[in-house]
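To keep things clear, I will list the structure first and then write my remarks on it.
The values are calculated or read from the model by the stated rules, or taken from the named source; none is laboratory data. Note that the coordinates shown come from a computational prediction; the quantities given were computed from them, not determined experimentally. Cβ placement follows ideal geometry from the backbone for every residue including glycine, while neighbour counts extend to all protein chains displayed. Side chains included, ligands, DNA and RNA excluded: accessible areas come from the protein's heavy atoms. Shrake-Rupley method; radii C 1.70, N 1.55, O 1.52, S 1.80 Å.
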Amino acid sequence: MSEPNTITLGANPAGIERAADILGDGGLVAFATETVYGLGADAHNDMAVARIFTAKGRPQFNPLIIHVSDVEMAERYVEFTPEARALASVFWPGPMTLVLPLRAGCGLSPLVTAGLTTVGIRIPAHNEARALLSRFGRAVAAPSANPSGRISPTTAAHVSDGLAGKIEAILDCGACDVGLESTIIGFDPAPSLLRAGGVPREAIEAALGTQLAIRASHDVINAPGQLLSHYAPDAPIRLNAETAHDGEVMIGFGDVEGDYMLSTSGDLVEAAANLFQMLHKMDTIGASRIAIAPIPMDGIGAAINDRLTRAAAPRD
């Protein structure tokens, strides 16, 4: 895949329309929110979401937050609890992310949720961001628009310094107002603070009329994706297989052919985009044993191998 020529777009109707078109074509667009600049991709498009991880050098398929323009759009993706609805009525639009159960058939890429049954969702309090989301018409997955491990970007120049040549466009909306990531609230089983951020805990507790449980974000956001059994289909998996043994369904990659292919061309981004769908497919067809071809450790290949290793781990 050739590297894109990153363009900078003005935060005007023409620039917003062009940014929406790029998202619709599977491109990556950095855009400002009130917190930091986000690296946006169509949350329904497996390949586009996989490219987020590649552009950022993100080491694992951690769940991503989706951004929507209004509550009506949010209703298409998640099931609100009463507490979540109360917080949304007070703090949306704004720097608060709610982790809620996915609505059946919402169409999100499983790479967005890392295969979980919940998703983090928010409505940004930024006029141009909401205009872009409204123009695009569906959810946009958008982690911070910076290389993984680097300082979060609060200006278009910060984004360009880290991601120029790796993404299609930057929607230059000036400096971000908050400059701090969103507060993340979970609801399993009770309202819990998963990450401190732009909305203080005290304000949230005042709105709820009760104290929040305090939990590290990885307890809910990341840990389910890090459990050994989480990515496992029903059938046992054999990794680094060059050929299938009797009774195995072979998943191929590149020159190693299989009954199903993660990528016939050996494209790691394509393989990443297909990974969760492929594991679900094995359950759908009733595979009794699975063999998977070797996947290089280069780039996003490390994340693919991480997830496959967890999926192939011995079961209790």
Going through (1) crowded, with 16+ Cβ neighbours inside 10 Å; (2) over 30 Å from residue 185 (Cβ atoms); (3) at pLDDT below 95 one by one, residue 279 fails only at (2)
Counting only residues in region 207-249 that are modelled with pLDDT of 95 or more and among the acidic types (Asp, Glu), the one surrounded by the most Cβ atoms within 10 Å (Cβ to Cβ) is identified as 248
- Message: Whether any residue in region 50-57 is among the charged types (D, E, K, R) and either surrounded by 24 or more Cβ atoms within 10 Å (Cβ to Cβ) or touching a Leu at 6+ places or on another chain (Cβ under 7 Å) (or both) is what I want to check.
- Response: yes
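Tell me which residues, restricted to region 44-65, are outside any loop (DSSP other than H, G, I, E, B) and in contact with a Phe, Trp or Tyr (Cβ under 8 Å, 6 or more places away or on another chain). Spell out the reasoning first.
In the first step, residues of region 44-65 are kept if they are outside any loop (DSSP other than H, G, I, E, B); the result is 46-56, 65.
Once the filter is applied, which keeps residues that are outside any loop (DSSP other than H, G, I, E, B) and in contact with a Phe, Trp or Tyr (Cβ under 8 Å, 6 or more places away or on another chain), region 44-65 yields only 53.
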Checked region 103-125 for anything under 19 Å from residue 48 (Cα atoms) and either without any contact (Cβ under 8 Å) to a residue 24 or more places away in the chain or in a strand (DSSP E or B) (or both); matches are 119, 120, 121
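Tell me, yes or no, whether region 153-163 has at least one residue that is assigned to a strand (DSSP E or B) and within 18 Å of the chain's Cα centre (by Cα).
no
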When region 21-41 is checked residue by residue, the ones that are open to solvent by less than 10 Å² (accessible area, probe 1.4 Å) and under 13 Å from residue 138 (Cβ atoms) are 23, 40, 41
Look at residue 259 and say whether it is among the acidic types (Asp, Glu), surrounded by fewer than 20 Cβ atoms within 10 Å (Cβ to Cβ) and at pLDDT below 95. no
